[in-house]
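Colleague: One structure coming up, written as structure tokens, with questions to follow.
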Amino acid sequence: MDKITLPAFAKINLFLEITGKRPDGYHDIDTVMQTVSLHDDVTVSLSGGKGIEIVCPGVDVPDEKNLAWRAAKAYLDRYGISDGISIRIEKRIPEKAGLAGGSADAAAVLRAMNAIFGAADAASLAETALTLGSDVPFCVYGGCARAAGRGEILYPLSALPDCFIVVAKGADPSPTPEAYARADTDGFSPRANNLFPLLGASDIFAICRQMFNRFEYTAVYDASIKPVMMGHGALAALLSGSGSAVFGIFGSEENARSAHSELSERGMFSAVCRPEGAAL
Ligand code: C5P
């Protein structure tokens with residue numbers, strides 16, 4: 001195989017608590033992540049030349065700073081491969097949104113590289129993924145998982161019961177480092193994760209009642225999104241990751257589409273999607 005296109009799925013966090021600050025500058029977290037059908041398309045091919053070329057319409061980042069470029073470089077370096085690589089990314093996932101858009105692209109590049117070269121087992125692919133970012137190991141596997149540590153210690157869970165998910169984002173970007181820097185974790189008791197035991201049963205209402213995100217207290221995001229979603233019948237609405245995207249869980253497609261229409265009419269990014277199963 002010398003060319004492959006893979007979907008790079010966005011993720012939402014159904015639960016996210018910051019459990020402490022670490023000596024290495026990161027934070028320990030307890031989170032439940034779920035991939036959703038909103039996705040970028042990542043094509044990786046052998047270029048026949050040297051080095052790594054990347055085309056990513058609409059993204060204005062120097063190649064070496066693009067996480068997808070760095071994923072290809074990390075894979076080539078780790079396995080001593082000298083072939084030239086071309087990457088093309090069609091983006092749909094908004095950036096700095098807490099949806100792991102950049103991480104998903106990097107994970108898709110790693111999986112695509114492995115489909116072409118076959119040099120890594122799943123464990124070493126996840127190790128390479130962690131050198132790129134805390135969310136990248138989860139994005140390699142996808143589906144639903146509880147994550148601890150920086151986000152890389154993964155416990156696979158059954159996917160969220162089928163439902164409709166509206167993901168929306170206003171104009172404010174929420175860069176992850178700044179959101180963590182604002183999160184004050186001194187002297188508070190972390191909230192217990194009562195959500196993860198509910199995955200595997202089909203009670204979406206019980207899951208919605210246990211959704212929580214610590215970043216809602218400090219992140220910058222558009223506060224008008226949640227009331228729109230709830231007004232159109234969302235079972236729950238929550239900030240995703242460190243923001244600034246908000247997602248709503250809907251039992252009915254009609255309600256999800258009417259929320260999506262109103263959010264789009266207000267000039268926001270909005271997409272209707274479904275839970276995705278694991279990729280690996
Ligand atoms: O791992 P990633 O590169 O995505 O993280 C970006 C930044 O977010 C880190 O440099 C750190 O400041 C913060 N972060 C954190 N704790 C985590 C994940 C990220 O403090 N578990």
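Colleague: What Kirkwood radius, in Å to one decimal, follows from the Cα pairs of the stretch 5-106?
Modeller: 15.2 Å
Colleague: Next question, about the same structure. So which DSSP H runs in the chain come out at 15 Å plus along the axis (Cα) with average Kyte-Doolittle of at least -0.5?
Modeller: Helices meeting the span and hydropathy rule in the chain are 67-78, 101-117.
Colleague: By the gyration tensor of its Cα atoms, with a ≥ b ≥ c the square roots of the eigenvalues, what is the shape of the stretch 65-151: rounded for a/c under 1.5, prolate for a/b over b/c, or oblate?
Modeller: oblate
Colleague: Hey, another quick one. What does the extension gain come out to for Asp63 and Tyr217, with contour length at 0.36 nm per residue minus their alpha carbon separation?
Modeller: 52.0 nm
Colleague: So if we plug the beta-carbon distance of Ser124 and Glu265 into 1/(1 + (r/R0)^6) with R0 = 45 Å, what FRET efficiency do we get, rounded to 0.05?
Modeller: 0.45
Colleague: Please compute, over every Cα-Cα pair in the stretch 110-224, the percentage with a separation greater than 22 angstrom.
Modeller: Of all Cα-Cα distances in the stretch 110-224, 52 percent exceed 22 Å.
Colleague: Find out how many positive minus negative residues lie around Ser244, taking Lys and Arg as positive, Asp and Glu as negative, among other residues whose Cβ is under 14 Å from that of Ser244.
Modeller: -1
Colleague: Separate question: What per residue convex hull volume, in Å³, comes out for the chain when only alpha-carbon positions are used?
Modeller: Cα convex hull per residue, to the nearest whole number: 123 Å³.
Colleague: FRET efficiency for Ser224 and Asp184, Cβ-Cβ distance as r, R0 = 22 Å, nearest 0.05?
Modeller: After rounding to 0.05, the efficiency reads 0.30.
Colleague: Compute the Cα gyration tensor for the stretch 164-253, then decide on rounded, prolate or oblate, letting a ≥ b ≥ c be the square roots of its eigenvalues: rounded whenever a/c is under 1.5, prolate when a/b is larger than b/c in the other cases, and oblate in all that remain.
Modeller: It comes out oblate by the Cα gyration axes.
Colleague: Ordering Asp28, Asp2 from largest to smallest accessible area (1.4 angstrom probe), what's the sequence?
Modeller: Asp2, Asp28
Colleague: How far, in nm, would the chain grow between Ile4 and Asp172 when pulled straight, counting 0.36 nm per residue and subtracting the alpha carbon separation?
Modeller: 57.1 nm
Colleague: Report the gain in length on full extension from Ser47 to Ala192: 0.36 nm times residue separation, minus Cα-Cα distance, nm rounded to one decimal.
Modeller: Length difference between fully extended and current span is 47.3 nm.
Colleague: Follow-up. What percent of all Cα-Cα pairs in the stretch 20-168 falls into each 10 Å bin, going from 0 up to the bin containing the maximum distance?
Modeller: Here the calculated profile for the stretch 20-168 is 11, 39, 35, 14, 1.
Colleague: Okay, next question. Over the stretch 184-280, calculate the relative contact order: mean separation of alpha carbon pairs under 8 Å at least 6 apart, over the residue count, as a percent.
Modeller: Reported as a whole number, the value is 19 percent.
Colleague: Across the stretch 34-87, what fraction of all alpha-carbon pairs, as a whole percent, falls in each successive 5 Å bin from zero upward?
Modeller: Histogram of Cα-Cα distances, whole percents per bin: 5, 17, 28, 23, 15, 9, 4, 0.
Colleague: Turning to a different aspect of this structure: How big is the Cα convex hull of the stretch 76-116 in projection, averaged over all directions, in nm²?
Modeller: Projected over every direction and averaged, the Cα hull of the stretch 76-116 covers 3.5 nm².
Colleague: Still on this model: If you take the beta carbon distance between Asp83 and Val55 as r and set R0 to 25 Å, what does 1/(1 + (r/R0)^6) give as a FRET efficiency, to the nearest 0.05?
Modeller: 0.90
The values are calculated or read from the model by the stated rules, or taken from the named source; none is laboratory data. Predicted model only: the values in this text are computed from it and were never measured. Note that each Cβ is placed from the backbone with ideal geometry, even for glycine, and that neighbours are counted across all protein chains shown. Each accessible area value is taken on the protein alone, full model and side chains, heavy atoms only, with ligands, DNA and RNA left out. Shrake-Rupley method; radii C 1.70, N 1.55, O 1.52, S 1.80 Å.
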